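The values are calculated or read from the model by the stated rules, or taken from the named source; none is laboratory data. Please read all numbers here as calculations on a predicted model, not as lab measurements. Heads up, the Cβs are rebuilt from the backbone with ideal geometry, glycines too, and the neighbour counts pull from every protein chain shown. The protein model used for the area step is the full one, side chains on, heavy atoms only, and it has no ligands, DNA or RNA in it. Shrake-Rupley method; radii C 1.70, N 1.55, O 1.52, S 1.80 Å.
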Amino acid sequence: MPYETISVQKLTPAIGAEIHGVDLGRPLGNQTFQEIHEALMENQVIFFRNQHIDHAQHKDFGRRFGALHMHPAAPQLIKEHPEVFVIHADEKSTYVNGEGWHSDVSCDGEPPMGSILYMHELPPDGGGDTMFASMYAAYEALSEPLKILLSGMTAIHSGEHVYRGRYGNDDRAKKYPESEHPVVRTHPVTGRQALFVNRGFTRRIVQLSRPESDAVLQMLFRHVETPEFQCRFAWKPYSIAFWDNRCAQHKAVWDYYPNTRHGYRVTVAGDRPFYRAGNA
Ligand code: SIN
């Protein structure tokens, strides 16, 4: 589609685009909102530079795309803004959020549609990029027999092994989400098919024996890491990345220890994944 109020510069043919000509600190007109939405649908992850917004504006931007999602495990560190997920790493960190390839909170019955990450502080010596991979490209690159096999299947996505003990919560009674989702997911807006298993959360393909499931999942997790499906975003202070969890995975590269990286994520709620046969 031709864009009239924004300009869109692709990072790679498969995934990612930088958006220019928008100030997210000002009210977003309907046309600009539609064009940003369109750019997200076309590119799976979009980036904005040099944006100056507060937590309320960050949440308002997210709400243009849907209700906000509450993380099932992360602590709510900003009292007035419980929906804002603080992303922070420094010399005391023993892990960082999103270090492995994943789609956010895919263990939820209705996993988040999208995530909007706003970085304030980046490591002084570089590093701290985020990598993104197109799950349309991953699906499309599979052979036809494998596409047919996977299309009828479902997989279990679990939060237990990811979240238990992670955020200092030692409440043994706390339950983390677990859900069964199609292995190939039809995107509800674009209608395109996307591979929907990830190394972070996906534990087992329901219709296969344990050894078969392990082998197929390992093969798919490695497939997701194919460089040709990816783009890599080099952050600057006050950049924003907005990704569509329904068709993209991401990985935060932790190559900057012991330096500090700090930002905020607002997450937009999504719907129950489904598979519709016959789509491309
Ligand atoms: C995340 O998975 O939301 C973290 C991504 C990042 O810090 O780059």
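The residue of the stretch 119-144 that is surrounded by the fewest Cβ atoms within 10 Å (Cβ to Cβ), among those that are within 11 Å of the ligand (Cβ to nearest atom) and not in a loop (DSSP other than H, G, I, E, B), is MET131.
Within the stretch 29-39, the set of residues being open to solvent by 40 Å² or more (accessible area, probe 1.4 Å) and polar (S, T, N, Q) comprises ASN30, GLN31, GLN34.
Quick check on the stretch 252-267: of everything there that is within 13 Å of the ligand (Cβ to nearest atom) and open to solvent by 30 Å² or more (accessible area, probe 1.4 Å), which residue is nearest to HIS120 (Cα to Cα)? Reasoning before the result, please.
Residues of the stretch 252-267 that are within 13 Å of the ligand (Cβ to nearest atom), as a first pass: 252-256, 260-267.
Filter once more, so that each one left must be open to solvent by 30 Å² or more (accessible area, probe 1.4 Å): 254-255, 260, 262, 264.
Working: TRP254: 16, ASP255: 18, THR260: 10, HIS262: 6, TYR264: 8 Å.
Among residues in the stretch 252-267 that are within 13 Å of the ligand (Cβ to nearest atom) and open to solvent by 30 Å² or more (accessible area, probe 1.4 Å), the one nearest to HIS120 (Cα to Cα) is HIS262.
The listed residues are SER115, SER106, and the only one of them that is more than 19 Å from GLY126 (Cα to Cα), modelled with pLDDT of 95 or more, within 9 Å of the ligand (Cβ to nearest atom) and open to solvent by less than 20 Å² (accessible area, probe 1.4 Å) turns out to be SER115.
Tell me, please, whether a residue that is within 14 Å of the ligand (Cβ to nearest atom), of a type in the set (A, V, I, L, M, F, W, C) and over 23 Å from ASP171 (Cβ atoms) can be found in the stretch 71-80. No, because not a single residue in the stretch 71-80 is within 14 Å of the ligand (Cβ to nearest atom), of a type in the set (A, V, I, L, M, F, W, C) and over 23 Å from ASP171 (Cβ atoms). Looking only at the stretch 268-280, which residues are away from the ligand (no atom under 13 Å from the Cβ) and either touching a Phe, Trp or Tyr at 6+ places or on another chain (Cβ under 8 Å) or of a type in the set (A, V, I, L, M, F, W, C) (or both)? Listed by number, the residues that qualify are ALA269, PRO273, PHE274, ALA277, ALA280. Exactly one residue out of GLN218, GLN230, GLN249 is open to solvent by 10 Å² or more (accessible area, probe 1.4 Å) and closer than 21 Å to MET41 by Cβ: that is GLN230. Consider the stretch 40-88 and keep the residues that are touching a Leu at 6+ places or on another chain (Cβ under 7 Å) and assigned to a strand (DSSP E or B). The one that is surrounded by the fewest Cβ atoms within 10 Å (Cβ to Cβ) is VAL86.
Under the condition of being within 11 Å of the ligand (Cβ to nearest atom) and open to solvent by less than 30 Å² (accessible area, probe 1.4 Å), which residue from the stretch 89-103 is farthest from the chain's Cα centre (by Cα)? Explain how you work it out, then say what you get.
Within the stretch 89-103, the first condition is being within 11 Å of the ligand (Cβ to nearest atom), and the residues that meet it are 89, 96-103.
Then keep just the ones that are open to solvent by less than 30 Å² (accessible area, probe 1.4 Å); that gives 89, 96, 98, 101-103.
On the way: ALA89: 19, VAL96: 15, GLY98: 9, TRP101: 9, HIS102: 7, SER103: 5 Å.
Of everything passing the filter in the stretch 89-103, ALA89 is farthest from the chain's Cα centre (by Cα).
Okay, residues lined up against (1) at pLDDT 95 or above; (2) more than 24 Å from GLU42 (Cβ to Cβ); (3) not aliphatic (A, V, I, L, M):
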| position | (1), (2), (3) |
| --- | --- |
| HIS120 | yes, yes, yes |
| ALA138 | yes, no, no |
| LEU146 | yes, yes, no |
| GLY168 | no, yes, yes |
| ARG185 | yes, no, yes |
| GLY191 | yes, no, yes |
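Rundown of residues vs (1) of a type in the set (Val, Ile, Thr); (2) within 14 Å of the ligand (Cβ to nearest atom), yes/no style:
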site	(1), (2)
PRO211	no, no
GLN218	no, no
HIS223	no, no
THR226	yes, no
PHE229	no, no
ARG232	no, yes
TYR238	no, no
ASN245	no, yes
HIS250	no, yes
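Is it the case that some residue within the stretch 239-250 is hydroxyl-bearing (Ser, Thr, Tyr), under 23 Å from THR94 (Cβ atoms) and in contact (Cβ under 8 Å) with a residue 60 or more places away in the chain? There is no residue in the stretch 239-250 that is hydroxyl-bearing (Ser, Thr, Tyr), under 23 Å from THR94 (Cβ atoms) and in contact (Cβ under 8 Å) with a residue 60 or more places away in the chain.
Scanning the stretch 205-255 for residues that are among the basic types (Lys, Arg), under 13 Å from the mean Cα position of the chain (by Cα) and in a loop (DSSP other than H, G, I, E, B) returns a single hit, ARG246.
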